[in-house]
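The values are calculated or read from the model by the stated rules, or taken from the named source; none is laboratory data. Because the structure is predicted, anything quoted here is derived from the model rather than measured. Methodologically, a virtual Cβ is constructed for each residue, glycine included, from the backbone with ideal geometry; neighbour enumeration extends over all protein chains shown. The protein model used for the area step is the full one, side chains on, heavy atoms only, and it has no ligands, DNA or RNA in it. Shrake-Rupley method; radii C 1.70, N 1.55, O 1.52, S 1.80 Å.
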Amino acid sequence: MHPMLNIAIRAARKAGNHIAKSLENTDKIESVQKGTNDFVTNIDKEAEALIIDTIKNSYPDHSIVAEESGLMEGKDSDVQWIIDPLDGTNNFVRGIPHFSVSIAVRIKGKTEVACVYDPMINELFTAQRGAGAQLNNARMRVKQLKDLQGTVLATGFPFKQKQHSESYFKIMSALFVECADFRRTGSAALDLCYLAAGRVDGYFELGLKPWDMAAGELIAREAGAIVTDFAGGTDYMKSGNVVASSARGVKSMLKHIRENGNEAMMK
Ligand code: IPD
Ligand code: CA
Ligand code: CA
């Protein structure tokens with residue numbers, strides 16, 4: 001195993017176990033609003049500190065981008081760890097047991113290793129570039145679709161960008177005619193991993209941040225998914241707008257996105 005994946009897993013398990021444990025004593029969870037409909041808790045921050053500590057112990061020179069701490073430039077700017085210590089904070093603060101820890105390592109701009117950990121059901125999703133994706137060490141493969149008939153698609157609502165809600169729900173409406181159903185689970189990282197595991201057939205969301213998707217994206221791609229932005233290009237890490245499925249699934253989803261989305265989304 002890639003040594004950095006080893007450290008990523010160690011860090012994700014430490015943080016995940018801390019988060020899961022904290023749900024046993026909800027009085028100690030303090031939540032503050034950091035943006036429009038956007039919350040952070042002391043547990044997000046504690047989990048992030050545990051991850052950063054674990055990375056720094058083995059790789060003191062690497063750079064780190066973490067959701068709550070921002071960019072920490074190290075001596076080595078070629079290697080960058082991208083961390084979401086708690087993806088699914090809104091679920092977490094409500095006691096809904098669906099959230100994850102997401103850690104990816106990018107080397108010279110390419111994601112090399114990734115792990116997403118769901119501490120509530122002890123599921124560990126991992127990937128190494130060129131070596132496939134695993135759930136608890138078992139190989140995962142994306143389901144190959146003919147079209148959207150009978151599919152279940154995961155998505156996230158644009159709750160931080162409500163200016164896009166009209167176009168977004170037009171897209172949903174058009175997709176709903178073709179697919180079987182939707183899931184809005186509340187953790188983008190797990191949505192991408194569930195796609196990799198064949199639990200859902202496609203996923204799209206807009207306005208994501210790099211830490212929401214960096215690890216899930218590699219895991220989905222290594223399981224055979226195609227990942228694009230809303231224009232069918234590869235700029236999703238920049239725009240935050242992402243579509244993922246098998247090749248034909250992406251093609252069908254993009255058609256509805258193009259026909260119903262607004263211009264500002266098309267990147
Ligand atoms: C959020 C989750 C959610 C997605 C949001 C993200 P957070 O991350 O991934 O599923 O819809 O766009 O911001 O804030 O819980 O880390
Ligand atoms: Ca997130
Ligand atoms: Ca988060």
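The portion of the accessible surface of the chain made up by carbon and sulfur, rounded to a whole percent, is 47 (1.4 Å probe; DNA, RNA and ligands excluded). Between Thr234 and Lys56, the distance separating the two model label sites (each 7 Å from Cα on the Cα→Cβ line) works out to 3.4 nm. Stretching the chain fully between Gln163 and Ser77 yields a gain of 27.4 nm (0.36 nm per residue, less the alpha carbon separation).
Rounded, prolate or oblate: which fits the stretch 152-266, taking a ≥ b ≥ c as square roots of the Cα gyration tensor eigenvalues, rounded meaning a/c under 1.5, else prolate when a/b beats b/c? It would help to have the intermediate numbers written out before the result.
On the way: a/c = 1.39, a/b = 1.19, b/c = 1.17.
Cα axes put the stretch 152-266 in the rounded bin.
Given a Förster radius of 41 Å and the C-beta distance between Asn262 and Ser69 as r, what FRET efficiency does 1/(1 + (r/R0)^6) yield to the nearest 0.05? So the FRET efficiency works out to roughly 0.80.
For a test of the definition: using alpha carbon positions, the gyration tensor, and the 1.5 limit on a/c, classify the stretch 114-155 as rounded, prolate or oblate. Mind dumping the intermediate values first?
Working: a/c = 2.70, a/b = 1.52, b/c = 1.77.
It is oblate, given that a/c is not under 1.5 and a/b is not larger than b/c.
May I ask you to derive the FRET efficiency for Asn17 and Phe176 from their Cβ-Cβ distance with R0 = 35 Å, giving the value to the nearest 0.05? The computed FRET efficiency comes out at 0.35.
The residues of the stretch 152-258 expose on average 36 square angstrom of accessible surface per residue, using a 1.4 Å probe on protein heavy atoms. At a Förster distance of 22 Å, what's the computed FRET efficiency of Asn25 paired with Lys209, Cβ-Cβ distance as r, to 0.05? Given R0 = 22 Å and the Cβ-Cβ separation, E is 0.15. Multiplying the residue separation of Arg139 and Ala49 by 0.36 nm and subtracting their alpha-carbon distance yields 29.3 nm. Exposed loop sites were defined as GluC sites (Glu not before Pro) in DSSP loop states (anything but H, G, I, E or B) carrying at most 13 other C-beta atoms within 10 Å; in the chain the longest segment without such a site runs 74-267.
Ignoring ligands, DNA and RNA, what accessible area per residue does the stretch 1-76 give at 1.4 Å, in Å²?
Details: 4120 Å² over 76 residues.
So the stretch 1-76 comes to 54 Å² accessible per residue, rounded to a whole number.
To the nearest ten degrees, helix 247-260 and the longest principal axis of the Cα atoms of the chain are 70 degrees apart.
Taking a ≥ b ≥ c as the square roots of the eigenvalues of the Cα gyration tensor, an a/c ratio of 1.5 or more together with a/b no larger than b/c marks the stretch 3-139 as oblate.
Segment His98..Ala131, full-extension length gain: 9.2 nm, with 0.36 nm per residue of separation and the alpha-carbon distance subtracted.
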